[in-house]
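Before any comments, here is the structure.
Each value in this text was obtained by applying a stated rule to the coordinates, not by laboratory testing. This one's a predicted model, so the numbers in the text were calculated from it and none came from an experiment. When we count neighbours, we look across all protein chains shown, and the Cβ atoms used for this are built from the backbone with ideal geometry, even at glycine.
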């Protein structure tokens, strides 16, 4: 039992101390009465207010096993639709990779030098930075659905500009708008998915984003292979035109979804919120579970609002608990970018060029690279809810560091130099390690970037904090994508075969091991305790007398 909130994993008949007039008797004798028989939702909040005045809250007792959803549940199917935003992210990120290998593309834009190539790639990150920075406002004001649709509008326009680009400025503007769209969508969609998911399915549902990112990247790279086979001076326009399609589909489809129940509760629209919640979770047999779970959401959001008020941006940095949340939510994305994945994804064709590969070979190998991610992501869906978040992060960063160590050794011992024979075995080993980086990231670290940030923030914090997280993500990515082609042109293989990514991944593994909490299996509300927002006190005697497994009293600091 939990004062203020039961864990959704134990659902069913809840009990509460029923009448504030009998407080002394109820606390002294610990009499419990089924709340559903004596209290309306309004009375529930009145009783809650009373107990807050005496540093107590509503005690809940729940003994039923958690409700579990199947693969065809509405929340999971909704997550696939929201995952189109991840597909757009992966596709938009990936389509520039084969374009930079196409001679027709480079010739049309006057064979851009390394700084200009870096600008063409990194302006997408700049747009995403702007989009993610706006999410805190658009998501809170418009709601989750409309904020996503707003981003999709810019995705359609940006894709059209890129496909019809007459000069490099038009191409860059299109990339900027597409980036803005992706920043907006990826800042909202994971939050939306987490808010409609049940506790024990949250990781699986949220991880769909990474799977869709991988599929988007896969389609983009194989589109590039097809462009290379199409002997036409405008071959590069095809891939850019396709990117408007997923933005259009998502922008229209998302408006037919139900809004996030938690966001509706946050706005005081409780009747709409309950209807939306039942729309996502009611299956005709779980009426008690739905009633119980929705009441939990109402109570905890009311508690957040009452204890915190309407939070401003500055409030995110004022308390240790909030700062810890920001660190946990943002560092996982920082670790993802410092893993070297952005450099490998955007400039792998340039890496293959240093290995003396032809244009067709570069495109083919990049297509094979893109095939690794979807398979790895699909596999991750079967274990991401079974293994702790912290363990996955430590294993992933450690393996990435090992991969880069092997890449460094192979590139240093068997360098590819123009005019000299190449060591094919070393080349295959280096490419295998690059593929291993993709598999590792797609199955382990990548899904965590979508799972952890939305789940560590409270409802009131979630949109603003996730916006800050995405700003940090795209800021680091912007620096890497802008500087990488310049460094690659200057020092060649020595750039990607260096100690930098070995050290960054090793450092991240250490930070994950010593500073990250474990959030697996906890409700969005239960996670409050981990970050010091509440204190849970267990009463074993009360549990034995009540005939339940466990009693918890939830007190806010």
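Suppose R0 equals 25 Å; then what is the FRET efficiency for residue 116 and residue 234 from their Cβ-Cβ distance, rounded to the nearest 0.05?
The calculated FRET efficiency here is 0.75.
For the stretch 129-206, just say rounded, prolate or oblate: build the C-alpha gyration tensor, square-root its eigenvalues into a ≥ b ≥ c, call rounded for a/c under 1.5, and beyond that prolate if a/b exceeds b/c, oblate if not.
In terms of gyration-tensor shape, prolate.
Ranking request for peptides 179-189, 115-125: highest mean number of other beta-carbon atoms within 10 Å first, then the rest in descending order.
179-189, 115-125
What is the ratio of the Cα radius of gyration of the stretch 371-437 to 2.2 N^0.38 Å, with N the residue count, to two decimals?
1.45
Distance in nm between label sites at residue 413 and residue 242, each 7 Å beyond Cα in the beta-carbon direction?
In this crude label model, residue 413 to residue 242 measures out at 3.9 nm.
What is the extension gain from residue 153 to residue 283, computed as 0.36 nm multiplied by their sequence separation minus the C-alpha to C-alpha distance, in nm to one decimal?
Gain on stretching residue 153 to residue 283: 43.4 nm.
Would you list 252, 409 from fewest to most Cβ contacts within 10 Å?
In increasing order of surrounding Cβ atoms, one gets 252, 409.
If packing is taken as the mean number of other Cβ atoms within 10 Å per residue, what is the order of 506-516, 320-330, highest first?
Ranked from most to least packed, the peptides come out as 320-330, 506-516.
Evaluate the distance, in nm, between pseudo-label points positioned 7 Å from the Cα of residue 513 and of residue 146 along their respective Cα→Cβ axes.
Label-label distance for residue 513 and residue 146, simple model: 4.9 nm.
Of the listed peptides 261-272, 198-209, 337-348, 89-100, what is their order by residue-averaged count of other C-beta atoms within 10 Å, with the highest listed first?
Put in order of decreasing packing, that is 89-100, 198-209, 337-348, 261-272.
Please report 281, 473 as a ranked list, fewest other C-beta atoms within 10 angstrom at the top and most at the bottom.
Result, fewest neighbours first: 281, 473.
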